[in-house]
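J.: Take a look at the following structure, please.
What follows draws every value from the coordinates through simple rules; no lab data is involved. What you see is a predicted model; the values in this text were computed from it and never measured. A quick note on method: Cβ atoms are made from the backbone with ideal geometry, for glycine too, and the neighbour counts reach across all protein chains shown.
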């Protein structure tokens with residue numbers, strides 16, 4: 001049966017056909033929701049709710065977009081309902097997370113346990129750059145964050161983002177330009193890996209903790225982002241970052257568990273969750 005026939009059956013209410021189509025982009029949807037929510041425990045629930053809501057409304061799908069775009073719109077609205085209850089992340093969220101970790105032996109031990117015992121507890125600088133991208137993007141207004149992630153990480157077309165956000169093309173382009181400029185400036189002034197004026201060197205600090213015998217400079221130079229940083233301008237460096245982020249699955253990478261617990265520490269520090277001990281990720 002070809003895809004068009006499966007879609008017809010799904011629209012007619014066949015749940016197995018809908019599930020077949022949904023499965024084609026389910027993992028991408030989950031990583032998208034994780035980048036928005038920064039909470040792995042929320043992802044499965046939101047994905048399930050998206051599936052149920054989408055199937056319930058499938059008869060209203062008029063095919064003016066792909067099914068994927070239509071489902072991502074529903075998922076975005078569900079995530080937005082959750083996110084608008086929370087404060088936007090402050091610009092120093094990662095610094096607050098680092099301060100909390102340094103001051104808490106319990107959190108340090110949790111980091112060590114995940115790193116030593118989890119199959120997804122490895123530490124690599126490239127994954128931490130992905131972590132930083134997610135954290136910094138969460139300092140943006142929700143619509144800016146959604147537009148940026150959909151376009152630059154998941155390669156949605158501008159017209160598709162217009163449908164998802166229910167905005168005009170001019171507004172979406174403005175959101176994208178503003179978001180890119182903001183993140184480019186933050187990275188330019190912060191990331192010590194590619195900027196001598198950077199104030200944050202978390203990648204090297206954490207690499208030294210989790211991989212103490214590793215040559216940190218050697219690890220830096222393995223990253224195209226670092227190797228090319230002397231040749232490219234700010235915008236091109238931002239593009240290199242997005243290329244790196246695209247290549248990482250934050251839910252299934254070799255360091256997914258470690259990165260998630262670092263994310264949870266950050267969320268605890270800024271007050272997104274009440275207590276680190278009560279909100280540990282499932283490993």
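J.: What number, rounded to the nearest 500 deg cm²/dmol, is the helix-based mean residue ellipticity at 222 nm of the chain, given -39500 (n - 2.57) per DSSP H run of at least four residues and division by all its residues?
T.: Helices in the chain give a 222 nm mean residue ellipticity of -20000 deg cm²/dmol.
J.: Taking the Cα-to-Cβ direction at residue 102 and at residue 85 and moving 7 Å from each Cα, how far apart do the two end points lie in nm?
T.: Label-label distance for residue 102 and residue 85, simple model: 3.4 nm.
J.: Further question on the same structure: Assuming R0 = 35 Å, can you tell me the calculated FRET efficiency for the pair residue 277 and residue 201, based on Cβ-Cβ distance, to the nearest 0.05?
T.: Between residue 277 and residue 201 the formula returns 0.80.
J.: Separate question: Quick check on the exposure proxy: order 246, 9 from fewest to most C-beta atoms within 10 angstrom.
T.: 246, 9
J.: Now a separate question. Kindly provide log₁₀ I(q)/I(0) values, in the same order as q = 0.10, 0.16 Å⁻¹, from the Debye equation applied to equal alpha-carbon scatterers of the chain.
T.: Per q value, in the given order, log10 I(q)/I(0) is -0.56, -1.30.
J.: What residue among 124, 218, 166 has the largest mean-square fluctuation in a Gaussian network model of the chain, using Cα springs under 10 Å?
T.: Looking only at 124, 218, 166, the largest GNM fluctuation is found for 218.
J.: As a footprinting exposure proxy, order 174, 128 by other Cβ within 10 Å, with the fewest listed first.
T.: Lowest to highest Cβ neighbour count: 174, 128.
J.: Please work out whether the range 132-283 counts as rounded, prolate or oblate from its C-alpha gyration tensor, where a ≥ b ≥ c are the square roots of the eigenvalues and a/c under 1.5 means rounded, while otherwise a/b larger than b/c means prolate and anything else oblate?
T.: Judged from the Cα gyration tensor, the range 132-283 comes out oblate (a/c at least 1.5, b/c at or above a/b).
J.: Express in whole angstrom the spacing between the alpha-carbon centres of the range 192-249 and the range 29-51.
T.: Each part reduced to its Cα centre gives a spacing of 27 Å.
J.: With a/c under 1.5 counting as rounded, go ahead and sort the range 89-136 into rounded, prolate or oblate using the C-alpha gyration tensor (a ≥ b ≥ c being the square roots of the eigenvalues; past the cut-off, prolate if a/b is larger than b/c, else oblate).
T.: On the way: a/c = 3.12, a/b = 1.20, b/c = 2.60.
Verdict is oblate for the range 89-136.
J.: Right, here's the next one. Kindly put 219, 228, 106 in sequence by how many other C-beta atoms sit within 10 Å of each C-beta, fewest to most.
T.: 106, 228, 219
J.: Take the Cα pairs of the range 1-85, get the Kirkwood Rh, then feed it into Stokes-Einstein at 20 °C and 1.002 mPa s and tell me D in µm²/s.
T.: D, rounded to a whole number, is 163 µm²/s.
J.: Same structure again: On C-alpha positions alone, give me the angle between the axis of helix 40-56 and the longest principal axis of the chain, in degrees, nearest 10.
T.: Once rounded, the angle reads 10 degrees.
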